[in-house]
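**Q** Okay, handing you the structure first.
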Amino acid sequence: MNIHGGVRIIIDWANHLSRRGHAVTLQIIRPAGYRWENWIDIDSTVRIQVGQAINLNGYDIAVATFPAAALAMDADSSFCKKFFFLQMAEHLFDPNPAWHNLCFQSYKVSFPIIGISKWVEEEVRKHRGDGTMYYVGNGVSDDFKPGQKDEGLTVLVEGWGGYNDAKDVDLLAPRVAEVLHKEYGANIIAFSQFPLAFHKKAKQYEYILSKYHEAPSREALVRLYQRPTFMLKASKYDARSCAPVEAMKCGTVTVRAVERGDDDLIDGYNCVKVGYDFADFAHRARYMCDMFGKLPQLEQFGLEYAARELSWETRMNEIENILLNG
């Protein structure tokens, strides 16, 4: 497991399944003490199994979250009763041909695949054909809720640079934040799961930051989402990113630059959404600064959407049905 939004989704699944009375184990193919342990809350009832080997003996259901694991499970199905592959279209994250080949092979596993966004399902089907696929959305926990906003114009940037080819490799978010800082005097705050020094390409934009938050705790993250006038997020692809919907549930609108992803973001309804393009992204961000009167409407529609569509109770009913009856 690496520290990104997909892991947040996986751990939320584990937490909620455990709370429903299922015996859940997270198999972590990482050394003990890896950073994620301090980054996200894992329910005390979820068992953690750390090691380089995949050991599924005695389990009823196994859910692979990595291509190599899915292929290993497909090659030897004798040690578990039922298999699934939670899919986020990993081949988009890395241009390496060997990695692509591994991903494309994994999309053809004999057991069902669970996709978390419509476009991921479409992408995987190019290689999978008619093999069984399920679709489930995401939920957002109720501890994400509205709170006191900063006075004046505060802009939150989620991430501070791209760490793989699917993310903000062209630094659209820091560049637009710089525009807002210079033209509107916006207070710029940012967070990422990595140290600021990790984002070497974005170093030239660090001067605009009033505060950078590294791997904030759940409680700190809620407060970060509550504070800003709006949030900036840019990436080329995201299966279903956590940040915009968590911010939405905290009453904060996102100005989003993305080519494909984030099914829950509806332009002009609960967010402002453009393609992965600097000029368009900057134009819409300026519009948000100029049109404060429109923000409450977007915020209210976002809160209504979150209450209606982002319930973990609803999502877990779907997930549980797939895992038990699929």
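The values are calculated or read from the model by the stated rules, or taken from the named source; none is laboratory data. It should be emphasised that the depicted structure is a prediction, and the values quoted were computed from it without experimental measurement. Heads up, the Cβs are rebuilt from the backbone with ideal geometry, glycines too, and the neighbour counts pull from every protein chain shown.
**Q** Here's a check for you: in segment 237-253, which residue that is over 13 Å from the mean Cα position of the chain (by Cα) and touching a residue at least 60 places away in the same chain (Cβ under 8 Å) is nearest to residue 300 (Cα to Cα)? I'd like the intermediate steps shown before the answer.
**A** First, pick out the residues of segment 237-253 that are over 13 Å from the mean Cα position of the chain (by Cα): 248-253.
Filter once more, keeping what is touching a residue at least 60 places away in the same chain (Cβ under 8 Å): 248-252.
Working: 248: 9, 249: 10, 250: 10, 251: 7, 252: 9 Å.
Filtering first and then ranking leaves 251.
**Q** Go through (1) outside any loop (DSSP other than H, G, I, E, B); (2) in the same structural domain as residue 265 (by TED's automatic domain parsing) one by one and return the number of the condition residue 166 breaks.
**A** (1)
**Q** Could you list, in sequence order, the residues of segment 47-68 that are under 18 Å from residue 14 (Cβ atoms), among the aliphatic types (A, V, I, L, M) and at pLDDT below 90? Before you say what the answer is, go through the steps one by one.
**A** Applying the first criterion (under 18 Å from residue 14 (Cβ atoms)) to segment 47-68 yields 47-51, 54-56, 58-66.
Applying the additional criterion that residues be among the aliphatic types (A, V, I, L, M) yields 48, 50, 54, 56, 61-64.
48, 50, 54, 56, listed by residue number.
**Q** May I pose another question? In segment 94-136, how many residues are assigned to a loop (DSSP other than H, G, I, E, B), surrounded by 15 or more Cβ atoms within 10 Å (Cβ to Cβ) and of a type in the set (Val, Ile, Thr)?
**A** Selection size over segment 94-136: 3.
**Q** In this structure, does residue 70 turn out to be small (Gly, Ala, Ser), assigned by TED's automatic domain parsing to the domain that holds residue 126, assigned to a helix (DSSP H, G or I) and in contact with a helix residue (DSSP H, G or I) (Cβ under 6 Å, 6 or more places away or on another chain)? I'd like the intermediate steps shown before the answer.
**A** Details: small (Gly, Ala, Ser): yes; assigned by TED's automatic domain parsing to the domain that holds residue 126: yes; assigned to a helix (DSSP H, G or I): yes; in contact with a helix residue (DSSP H, G or I) (Cβ under 6 Å, 6 or more places away or on another chain): yes.
Answer is yes for this residue.
**Q** The conditions are (1) part of a loop (DSSP other than H, G, I, E, B); (2) under 20 Å from the mean Cα position of the chain (by Cα), and residue 155 fails exactly one of them. Which is it?
**A** Single failed check for residue 155: (1).
**Q** Restricting attention to helices (runs of 4 or more DSSP H) lying wholly within segment 194-309, give those where 2 or more residues are within 23 Å of residue 119 (Cα to Cα) and at pLDDT below 95. Give the steps one after another, and end with the answer.
**A** Values: elements: 218-226, 242-249, 278-290, 295-309.
Counting at least 2 such residues, we get 242-249, 295-309.
**Q** Testing residue 129 on (1) under 28 Å from residue 96 (Cα atoms); (2) under 22 Å from the mean Cα position of the chain (by Cα); (3) without any contact (Cβ under 8 Å) to a residue 60 or more places away in the chain, one condition comes back false. Which one is that?
**A** (2)
**Q** Only one of 217, 210 is over 28 Å from residue 96 (Cβ atoms), polar (S, T, N, Q) and more than 22 Å from the chain's Cα centre (by Cα); which?
**A** Numbers: 217 fails: more than 22 Å from the chain's Cα centre (by Cα).
That would be 210, the only listed residue that is over 28 Å from residue 96 (Cβ atoms), polar (S, T, N, Q) and more than 22 Å from the chain's Cα centre (by Cα).
**Q** Between a residue in segment 265-289 that is in the same structural domain as residue 250 (by TED's automatic domain parsing) and any residue that is of a type in the set (Phe, Trp, Tyr), which pairs come within a Cβ distance under 6 Å, given they are 6 or more apart or on different chains?
**A** That search, which allows pairs on different chains as well, returns 269/301; 270/301; 270/305; 274/281; 288/230; 289/184.
**Q** Here's another thing I want to ask about it. Within segment 124-134, which residues are closer than 18 Å to residue 237 by Cα and either in contact with a Gly (Cβ under 9 Å, 6 or more places away or on another chain) or outside the structural domain of residue 107 (by TED's automatic domain parsing) (or both)? Reasoning before the result, please.
**A** Here is the first cut: in segment 124-134, the ones closer than 18 Å to residue 237 by Cα are 124-126.
Residues satisfying the conditions are 124, 125.
**Q** Continuing with the same structure: Quick one: is residue 261 without any contact (Cβ under 8 Å) to a residue 40 or more places away in the chain and under 23 Å from residue 123 (Cα atoms)? Full working, then the answer.
**A** On the way: without any contact (Cβ under 8 Å) to a residue 40 or more places away in the chain: no; under 23 Å from residue 123 (Cα atoms): yes.
So residue 261 fails the test.
**Q** Name every residue in segment 167-195 that is surrounded by 23 or more Cβ atoms within 10 Å (Cβ to Cβ) and in contact (Cβ under 8 Å) with a residue 40 or more places away in the chain, in order of residue number. If you could, list the steps in order and put the result at the bottom.
**A** Of all residues in segment 167-195, those surrounded by 23 or more Cβ atoms within 10 Å (Cβ to Cβ) come to 168, 172-174, 176-177, 180, 186, 188, 190.
Those that are surrounded by 23 or more Cβ atoms within 10 Å (Cβ to Cβ) and in contact (Cβ under 8 Å) with a residue 40 or more places away in the chain: 168, 172, 173, 176, 177, 180, 186.
**Q** Only one residue in 44, 18 is touching a Ser or Thr at 6+ places or on another chain (Cβ under 6 Å), closer than 30 Å to residue 158 by Cα and either modelled with pLDDT of 90 or more or part of a loop (DSSP other than H, G, I, E, B) (or both), so which one is that?
**A** Numbers: 44 fails: touching a Ser or Thr at 6+ places or on another chain (Cβ under 6 Å).
Going through 44, 18 in turn, the sole match is 18.
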